[in-house]
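The values are calculated or read from the model by the stated rules, or taken from the named source; none is laboratory data. For clarity, every value in this text was computed on a predicted model and none was experimentally measured. For neighbour counting, all protein chains shown are included, and Cβ atoms are generated from backbone atoms with ideal geometry for every residue, glycine included. Accessible surface is based on the protein model in full, side chains and every heavy atom, while ligands, DNA and RNA are left aside. Shrake-Rupley method; radii C 1.70, N 1.55, O 1.52, S 1.80 Å.
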Amino acid sequence: MLRTWLEKRTISRRSALLGGSAAVAAAVTATGGPAQAQITTGVGHIGGHTGGHPGALGTRIRPTPSLDALEAPAAPGAAPTFKATASAGTLPTPPVFKVTSGKSARLGMRPQTAMVGNRQAKNLRTYDNVSARDYVMGPTLEFGQTGSFGVQLINELPLNPDQAKPHIVNIPSQFNTTNLHTHGLHVSPEGNGDNVYVEVLPKGTAASYANGRTSFVGEFQNVYNLKNHTPGTFWYHPHRHGSVAIQVASGAAGALIVRGGPGTVDAVPGIAGIKEQVLLIQQVVLDQNGELPTFDTLWNAPDNAAAWTVNGTIGRTLALRPGEVQRWRIVNTGFQAETKFALFDATGAPLPVTLIAMDGVNLSPKAATVQGVYLPPGGRADILVQAPDKPTKLKAQVGQYVVQENFTPKSGMTAGFEINGVWQEAPFAGDATTLFTVDVTGEKVAMSLPTDPLPRPSVPDIDSNSTPDGYRTVVFDVNSFDAPPKTPSNGLPSYNPGATPKAFKFQVNGELFCPGRVMFEPKLGTVDQYVVSSPGLHVFHIHVNPFLVTEVDGQPLSTPMWRDTMLAGPNGYKALTKYTAYTGTFPIHCHILDHEDVGMMTNVSVVGGTGRVGPLAEHTGH
């Protein structure tokens, strides 16, 4: 009976809830499917964090050598090396797709062959920016604060070679199936909105593989209905469970800007009308052939490390005139590592910058003068950069900032927050990479940083003194399961529950992701306090609703900060969120994206006064 069920490929998420992913895996084993029998002696580390698991935060980042360095020739079988000499030309800017209300932009996903920094890449799964195809960087989407904005997603990737096989939840597969997530937008998670349970199969896939409700062949029309949305820097990327990490690690990401009108931060003197730069900080992974063919290329191949790039490049130049002020919108699109971004002058001293927004929400009533910005994977920062008064050169550098010991954070967790009235900074945790050089040249211009207060952003009406209606505890954890001694390897990757001699489980509150499992069911209009932690180090992201961080690493914040993506360690953090405007189901998950793909995700369903609104969406395969 189960074999027939799987051959149909489409099951309801409620049916999955009743059966549970463990039952499905066991049943597939019984019928000869890809999940094999697990022989274990029990959990390796219940209630604690298994050290040394694949994909720990930042373990796949290889710092780019200095711009005049030449690495030694690669040993036979080793990962390719590259010379990080400065590339000619200026730093490229992602093309802009401006979407007006009632209209739609066409966003294609296609294979791309291009240089990524100083590495030759081919067959990457990326967004088509149309006018700058020499560079791996998604186009920038621009919306207004209010209106109906369409994005038609076109899947022009090759056919899935494993399309006929069942897609088993938490075992990544069918890597050319995609969808679209608007990270940080406060929009509906259902229907044609920010619905990450939709799947878009490649063009040319047999129609029998799509049900026309949650799975489609070739294209899907997304529509985002915004109403007085806070203006800011957001971003978009694929979010189809099982192919998220491999696509984002290919460079499939772009900025999404909501432009504000009068009375918003965009209209403040000193911000309004100044030149802007979009900086997509990337972590693209390539194997020895310059490709990223499968999930296992990410998972268990440490030689296939990612190198930092920005807008698809390394070592380019960005020009500023002396005294000029620009607004830089910085997005950490990396799938796996946190990053500090900072500017340094010719003496090596940090150049102070003005931070005006984090995760798309502007600070208020005042900006912060900082030496660097600190971004988890998926985080964003808007800064104002004022060039020195005289011609000079600056270095823009990135690198990790959380110091870990045995996969446990020791310092850096409070960086980027104000505690006891002091803005917390952190040094680079290891070598930094110079992404680009700022050439300050030309005639001096008279420009000033803003002095007016920054207006209150359009966010829920809560503050650190708000009383929660509910309390939610989220614990990210990794457990290992070991076979008895001398059990031979069966060749399965360690994220597979049937792997021997060791399998890992990446869990939220002790559970692997199940499409029909709803962990939290708050009511519309209520306020929840989230307490998020991990025995190790993970990254929390919630869809649709931003949250107000009130405490980090056990220390209360002098100035609470709105975020949608946060590092979570042993001491955790506390945050408040209010569910406004939209009912429906959406995920919370670890934004180390290969962790999400193998199960570190769960669902939240916001309900009206009478309970859940509408059925849970169907999911292709289990």
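Values as computed for the structure displayed
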{"item": "Selected residue (criterion: nearest to the chain's Cα centre (by Cα)) from residues of region 133-162 that are free of Cβ contacts under 8 Å to residues at least 60 places away in the same chain and open to solvent by less than 20 Å² (accessible area, probe 1.4 Å)", "result": "Leu157"}
{"item": "Residue under evaluation Lys340, criteria (1) open to solvent by 10 Å² or more (accessible area, probe 1.4 Å); (2) modelled with pLDDT of 95 or more; (3) under 20 Å from Arg125 (Cβ atoms), criterion not met", "result": "(3)"}
{"item": "Residue count, region 287-318 (criterion: under 19 Å from Pro111 (Cβ atoms) and open to solvent by 10 Å² or more (accessible area, probe 1.4 Å))", "result": "8"}
{"item": "Pairs where the first residue, in region 464-477, is crowded, with 16+ Cβ neighbours inside 10 Å and the second is part of a strand (DSSP E or B) and basic (Lys, Arg), C-beta under 7 Å, 6+ apart", "result": "none"}
{"item": "Selection from region 392-449 of residues that are at pLDDT below 95, in a loop (DSSP other than H, G, I, E, B) and among the polar types (S, T, N, Q)", "result": "Asn406"}
{"item": "Criterion violated by Asn170 - all others in (1) within 24 Å of the chain's Cα centre (by Cα); (2) on the phi > 0 side of the Ramachandran plot; (3) surrounded by fewer than 22 Cβ atoms within 10 Å (Cβ to Cβ) satisfied", "result": "(3)"}
{"item": "Filter result for Val196 (in a loop (DSSP other than H, G, I, E, B), of a type outside the set (S, T, N, Q) and under 21 Å from His541 (Cβ atoms))", "result": "yes"}
{"item": "Pairs with Cβ under 7 Å, 6+ apart, first in region 88-101 and touching a residue at least 12 places away in the same chain (Cβ under 8 Å) and under 19 Å from Glu276 (Cα atoms), second open to solvent by 40 Å² or more (accessible area, probe 1.4 Å) and part of a strand (DSSP E or B)", "result": "Thr90/Thr317; Thr90/Ala319; Leu91/Thr317"}
{"item": "All strands (runs of 3 or more DSSP E) inside region 199-267 with 3 or more residues being surrounded by 19 or more Cβ atoms within 10 Å (Cβ to Cβ) and among the aromatic types (Phe, Trp, Tyr)", "result": "232-237"}
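To keep it simple, each residue is scored yes or no on (1) within 25 Å of Ser533 (Cβ to Cβ); (2) open to solvent by less than 30 Å² (accessible area, probe 1.4 Å); (3) among the aromatic types (Phe, Trp, Tyr).
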position: Pro457; (1), (2), (3): no, yes, no
position: Phe481; (1), (2), (3): yes, no, yes
position: Pro484; (1), (2), (3): no, no, no
position: Tyr495; (1), (2), (3): yes, yes, yes
position: Phe504; (1), (2), (3): yes, yes, yes
